[in-house]
1. Charged (D, E, K, R) and over 21 Å from A41 (Cβ atoms): which single residue out of K228, K181 fits that description?
2. What are the residues in the stretch 391-439 that are among the charged types (D, E, K, R) and within 25 Å of Y92 (Cα to Cα), if any?
3. Scanning the stretch 258-283 for residues that are open to solvent by less than 20 Å² (accessible area, probe 1.4 Å) and β-branched (V, I, T), which turns out farthest from the ligand (Cβ to nearest atom)?
4. Find the residue count for the stretch 182-206, including only residues that are of a type in the set (S, T, Y) and over 16 Å from Y128 (Cβ atoms).
5. Specify which of the listed residues (T59, T53) is at pLDDT 95 or above, within 18 Å of G439 (Cα to Cα) and not acidic (D, E).
6. Residues of the stretch 120-146 being surrounded by fewer than 16 Cβ atoms within 10 Å (Cβ to Cβ) and modelled with pLDDT of 95 or more, which ones?
7. Which of the numbered conditions does S446 fail, given that it passes all the others? Conditions: (1) within 13 Å of the ligand (Cβ to nearest atom); (2) open to solvent by 10 Å² or more (accessible area, probe 1.4 Å); (3) under 16 Å from the mean Cα position of the chain (by Cα).
8. Could you check the stretch 147-257 for strands (runs of 3 or more DSSP E) lying wholly inside it with 1 or more residues that are closer than 25 Å to E70 by Cα, at pLDDT 95 or above and open to solvent by 10 Å² or more (accessible area, probe 1.4 Å)?
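The values are calculated or read from the model by the stated rules, or taken from the named source; none is laboratory data. Since the model is a prediction, treat every value here as computed from it, not as a measurement. Methodologically, a virtual Cβ is constructed for each residue, glycine included, from the backbone with ideal geometry; neighbour enumeration extends over all protein chains shown. Heads up: the accessible areas ignore ligands, DNA and RNA and are worked out on the full protein's heavy atoms, side chains in. Shrake-Rupley method; radii C 1.70, N 1.55, O 1.52, S 1.80 Å.
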Amino acid sequence: MRKSVAIIGSGLGGLSSALLLSKKGFDVKVFETNGKSGGKANSLRLNNFRFDTGPSLITMPFVLEEIFEEAGYKLSDYLKLIKLDIICKYFYADGTVINAFGDLEKFAEEIKNKTIDTSSSIKNYLDYCKKIYDLTTDIFLLNSPTNIKNLLSAKSFKSLLNLKNIDVFRTVDEANKSFFKDPKTVQLFNRYATYSGSNPYKAPATLNTIQHVEYGIGSYICEGGVYKIVEVFYNLCKENGVQFQFNSAVKKINLNGNSISGIEYTSEEGRSVIENFDLVVSNADVNTTYKKLLNDTSSKSAKRYESFEPSLSAIVFYWGVKGNFSKLETHNILFSTDYKKEFYEIFELKKCPSDPTIYIYISSKFNISDAPDGYENWFVLVNSPYISGQDWKKEINLTRERVIKKINSYLKIDLNTLIIEEEVLTPEKIESQTGSRLGSIYGISSNSRSAAFLRQPNKSKKYEGLYFCGGSAHPGGGIPLVLLSGKLAAEEICNNEI
Ligand SMILES: Cc1cc2nc3c(=O)[nH]c(=O)nc-3n(C[C@H](O)[C@H](O)[C@H](O)COP(=O)(O)OP(=O)(O)OC[C@H]3O[C@@H](n4cnc5c(N)ncnc54)[C@H](O)[C@@H]3O)c2cc1C
């Protein structure tokens, strides 16, 4: 008989698990609190403007390719990924503008022309990032580090014996300063720690692997926007018989002893419904799964997860803006003047930064239907602390003022007169709309050396039949990693349950 699986949540992790499990012959039903799939990777419409609400840059396209291939499809038949010539345009307070070209020669030349660093320093640095990637990817990303068989493989041994080479003992900032003299170059590369929601002045330099992912493997946009990926997954899941139950929040995972027996959810009509399942995959936040869905606050895993520091949160302004801004690329960063202070304010004082680094993503630059003629859709993000008793109304108002003032001074415009549509995503909304613990956007931060080993494994040790995927589980947050988490959860299920 086909085994039945309930997937709690239809974020990208839940969708990749659902697709692969349905292909392996499982009877899959996805429960989602919201009215549509996507979770943090969603789509927002404000009159004639469309916005991707969360992720905006696509890396490690081979992860998508492999998942599609495993499901029997060819990625290029469904999604068009376009490699970026300029990955990101960086603006500094002193007027310097650095284009981070995807082409290494062009990027090295740009750094040589715009900073006091040399083109060979960039090449040496990216070689170093690649070495970390080669030593860590198998063990920390593509497989589970808690799987004994994986840990005993020759490659894993090599990684573990090479702790110095994977640079666990220095921070991201310390390592970057050893390669570059110019604070601008250091700041540019320190920024990559935020891709895992972490603090570059605390997180281990092992995270510098991300730079290889972006420059060595390449950075992409998706024709139609990021939400297109969600739509394609959803449609393929439907085609393969996956059932979706929207507006249905799971309240409880039911147990028979320590084994899964099913779930209890609130239906669209507000009724409490119990349904039996052989297996459960939780794409919900790990901490919430233990505390709220299993009512487990005492087991080792539940306690351990509660003690972890959440990742960064964010404030995002979705602005419909009048005009076409040729100074801006699809992805842009307006840097703060004191990056260390910015992270001190966020992680130590738990305050929104007084001088925030601003990220502007404009999908209408390549997807022209996302904004009317003569307008652009600006996704404007600043890093913020996770929820910790702040007065958010005050913080958001202050941040809005700071952001507009800074954009005006960097781009020499009067933004207040150009915004015609507005919506704001706050840490509180991230928590309420996606169930993310304290509004974190990448699960737990990697501000400590051991974070990679501490993430929730994709298979529960305590509860028989319970699996995890999504940003707070192994291998972590961000599009490629959550897709991998869904794939790893599906693989664990196939290894254990068939
Ligand atoms: C503002 C922002 C910017 C980002 N930028 C980037 C970026 O540039 N690049 C990148 O790679 N990543 C980025 N990310 C991170 C990326 O979006 C996430 O890591 C990824 O989308 C999370 O996927 P997930 O599988 O963990 O599911 P989530 O997106 O967290 O979705 C979980 C789903 O589960 C549902 N759910 C939770 N509890 C229940 C329940 N009890 N019952 C039913 N349903 C439930 C939720 O409603 C939600 O739909 C960003 C995120 C945000 C918010």
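1. Values: K228 fails: over 21 Å from A41 (Cβ atoms).
Sole residue among the options that is charged (D, E, K, R) and over 21 Å from A41 (Cβ atoms): K181.
2. Quick first cut of the stretch 391-439, residues among the charged types (D, E, K, R) only: 391, 393-395, 400-402, 405-406, 412, 414, 421-423, 428-429, 431, 437.
Within the stretch 391-439, E395, R400, E401, R402, K405, K406, K412, D414 meet the criteria.
3. Within the stretch 258-283, the first condition is being open to solvent by less than 20 Å² (accessible area, probe 1.4 Å), and the residues that meet it are 260, 262-263, 265, 267, 277, 279-282.
Retained after the next criterion (residues that are β-branched (V, I, T)): 260, 263, 280-281.
On the way: I260: 15, I263: 9, V280: 11, V281: 11 Å.
The residue in question is I260.
4. Restricting attention to the stretch 182-206, the residues satisfying the condition of being of a type in the set (S, T, Y) are 185, 192, 194-196, 198, 201, 206.
Next, from what is left, pick out any that are over 16 Å from Y128 (Cβ atoms): 194-196, 198, 201.
Of the residues in that region, 5 qualify.
5. T53
6. Scanning the stretch 120-146 gives S120, K123, N124, D127.
7. S446 satisfies every listed condition except (1).
8. On the way: elements: 219-222, 243-245, 249-256.
Counting at least 1 such residues, we get 219-222, 243-245.
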